[in-house]
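A.B. asks: Take a look at this one; I'll ask things after.
The values are calculated or read from the model by the stated rules, or taken from the named source; none is laboratory data. Predicted, not measured: the structure shown is a model, and the values here were computed from it. Here the Cβ positions follow ideal geometry from the backbone for every residue, glycine too, while neighbour counts run over all protein chains shown. Quick note on the areas: whole protein, heavy atoms, side chains included, nothing else; ligands and nucleic acids left out. Shrake-Rupley method; radii C 1.70, N 1.55, O 1.52, S 1.80 Å.
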Amino acid sequence: MSDSPQLDLSIVIPVYNEELNLPTLFTRLYPVLDALGRRYEVIFTNDGSADRSLALLREQHARRPDVTRVIDFNANYGQHMAIMAAFERVRGAVIVTLDADLQNPPEEIPKLLEKIDAGHDYVGGFRLHRQDSFFRKYASRLINYVREKTTSIEMTDQGCMLRAYSRQIIDAIVRSGAINTFIPALAYSFSGNPAEVGVKHEERHAGVSNYSFYGLVRLNFDLITGFSLAPLQYFTMFAGLSSLGSLALVVLLLIRRFAFNLDRETFGVFTLFAILFFLLSVAMIGIGLIGEYVGRTYQVVRARQRYFVREMLETSGKVEG
Ligand code: UDP
Ligand code: MG
C-alpha cells in the first residue's frame, strides 16, 4: 500500500448479490475507462454474495485480466469493509469508489477526475435528483442534519459513494485501520482541499437495496459515534440539567409542604416515583452510550482480523499475502 503508485487510476467497487447489475456495469464502465487514456485497474470485492456475482466477476477477469482484479471474501463483511480491502491493495494514484448497482452512473467518473486534476485531493459526489424511496430521502436529510451539528464534517450528501480520492488520503485511511468506519467522512477529515460535484443518480438498475432499516440505523449511529464524542457530551450536559431540575422540584415540594402546609396527602410516594423513573431512564441512555464507546475501544484493542480473503484474482503485480 505504501509503495508509489504504479497506475493512474483505481476503481473500487463492492459487490454483494449484484448478478443482475454486473453485466450492464461491465458494458458501461469499461468503455468509459478505456476512453480516459489512463493506466487503470478495477478492483471488485465480492462481499460474500450468495448469487452468481462471483462467477460473473471471474468471467470479467478472464475477459480483461490486465485491468481487472477481484477480491473474494469468505463471508459478508459489509460495504465499507469491502471497500477497505480494496483500498489496502490499490495501485493507482487516484482512487474512485462506485456502487455496483448503477445508481452512480460510471459516465460521471470523468467529472470527478477533472476536479482531482484541478488539484483537489478529495472529490465527493452529491446526487442530483436522487432516485430513492421517499423514506430514504427524508431519513437521510435528517441524518445529514444531525451529522452537521455533531461533527465538523461538511458534506452535501454523505450517502453518495461516487467519490474520488488522492492516494495520500487512501493511505491515511488504511493506516488508521478504523473499524466500522464511514469512509467518505474519514476521508474528508484527512483532506486538505476537498471539492464536491453534482452527479446523476439513477434508480437501482435491478434488485433491491441491501440495506435494511436496521442496517441504515447502525451505519448512521457508527458515523456519529465514530467521529465525535458529542453524544457523550450532550448526555452529560442533559444529565446535569435534569439533576438540577429534579433538585429544584424537590425543593419546591418541600417548600409547599412545610412553608405553606400544602399537599399533605399526596406528598411523597408519587412525586418520588416520577422523579425516580425519569432519572432511571436518563441513566439507561447513558449506559447505552458509554457501552457504544467501550465497544469501539474493545474492537480496536482486540485487533482481530477484520475480514478474510478467500481468493484473489489478479494477473499482474505482486503476489498477495
Ligand atoms: N454492498 C456490499 N456489501 C453489503 C451491502 C452492499 O458490498 O453488505 C455493496 C452493493 O453491492 C453495492 C453497494 O455496496 O455495490 C451499495 O449497496 P446498496 O445499493 O444495497 O445500498 P444503497 O444504494 O441502497 O445505499
Ligand atoms: Mg444502491
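A.B. asks: Taking the stretch 186-205 only, how many residues are in a helix (DSSP H, G or I) and open to solvent by 60 Å² or more (accessible area, probe 1.4 Å)?
C.D. replies: Taking the stretch 186-205 first, the residues in a helix (DSSP H, G or I) are 186-190.
Then drop every residue that is not open to solvent by 60 Å² or more (accessible area, probe 1.4 Å), which leaves 189-190.
Counting residues in the stretch 186-205 that are in a helix (DSSP H, G or I) and open to solvent by 60 Å² or more (accessible area, probe 1.4 Å) gives 2.
A.B. asks: Now a separate question. Would you check if Leu241 is open to solvent by 60 Å² or more (accessible area, probe 1.4 Å) and at pLDDT below 80?
C.D. replies: Considered against the rule, which asks whether it is open to solvent by 60 Å² or more (accessible area, probe 1.4 Å) and at pLDDT below 80, Leu241 comes out as no.
A.B. asks: Sort out which residues of the stretch 72-95 are more than 22 Å from Gly215 (Cβ to Cβ) and open to solvent by 20 Å² or more (accessible area, probe 1.4 Å), and write them in order of number.
C.D. replies: Glu88, Arg89, Arg91, Ala93 - these are the residues of the stretch 72-95 that are more than 22 Å from Gly215 (Cβ to Cβ) and open to solvent by 20 Å² or more (accessible area, probe 1.4 Å).
A.B. asks: Filter the stretch 96-139 for residues that are hydroxyl-bearing (Ser, Thr, Tyr) and away from ligand 2 (no atom under 12 Å from the Cβ); which is surrounded by the fewest Cβ atoms within 10 Å (Cβ to Cβ)? Lay out the reasoning, then the answer.
C.D. replies: Filtering the stretch 96-139 for residues hydroxyl-bearing (Ser, Thr, Tyr) gives 97, 122, 133, 138.
Subsequent filtering for residues that are away from ligand 2 (no atom under 12 Å from the Cβ) retains 97, 122, 138.
Working: Thr97: 26, Tyr122: 23, Tyr138: 11.
The selected residue is Tyr138.
A.B. asks: Then there's this: Taking the stretch 291-318 as the search range and keeping residues that are among the hydrophobic types (A, V, I, L, M, F, W, C) and open to solvent by less than 90 Å² (accessible area, probe 1.4 Å), which one is farthest from Leu244 (Cα to Cα)?
C.D. replies: Within the stretch 291-318, the match that is farthest from Leu244 (Cα to Cα) is Leu313.
A.B. asks: Confirm whether Phe260 is among the aromatic types (Phe, Trp, Tyr) and surrounded by 14 or more Cβ atoms within 10 Å (Cβ to Cβ).
C.D. replies: no
A.B. asks: Filter the stretch 192-211 down to the residues that are basic (Lys, Arg) and near ligand 2 (Cβ under 9 Å from one of its atoms) and list them by number.
C.D. replies: The answer is Arg204, and nothing else.
A.B. asks: Regarding the stretch 224-234, can at least one residue be identified that is farther than 28 Å from Tyr188 by Cβ, outside any loop (DSSP other than H, G, I, E, B) and touching a residue at least 40 places away in the same chain (Cβ under 8 Å)?
C.D. replies: no
A.B. asks: Test each condition in (1) assigned to a helix (DSSP H, G or I); (2) within 16 Å of ligand 1 (Cβ to nearest atom) for Val208 and report the one that comes out false.
C.D. replies: Exception for Val208: condition (1).
A.B. asks: Residues being surrounded by fewer than 11 Cβ atoms within 10 Å (Cβ to Cβ) and either among the aliphatic types (A, V, I, L, M) or not in a helix (DSSP H, G or I) (or both): count how many of those fall in the stretch 277-286.
C.D. replies: Of the residues in the stretch 277-286, 2 are surrounded by fewer than 11 Cβ atoms within 10 Å (Cβ to Cβ) and either among the aliphatic types (A, V, I, L, M) or not in a helix (DSSP H, G or I) (or both).
A.B. asks: Let me ask another. Output the number of the condition that Gly295 fails; it satisfies all remaining conditions of (1) modelled with pLDDT under 80; (2) assigned to a helix (DSSP H, G or I); (3) over 22 Å from the mean Cα position of the chain (by Cα).
C.D. replies: With (1) modelled with pLDDT under 80; (2) assigned to a helix (DSSP H, G or I); (3) over 22 Å from the mean Cα position of the chain (by Cα) applied to Gly295, the lone miss is (3).
A.B. asks: Given the criterion among the aliphatic types (A, V, I, L, M) and in contact with a helix residue (DSSP H, G or I) (Cβ under 8 Å, 6 or more places away or on another chain), identify the matching residue among Ile224, Ile255. Don't jump to the end; show me each part of the working.
C.D. replies: Values: Ile255 fails: in contact with a helix residue (DSSP H, G or I) (Cβ under 8 Å, 6 or more places away or on another chain).
Answer to the selection: Ile224.
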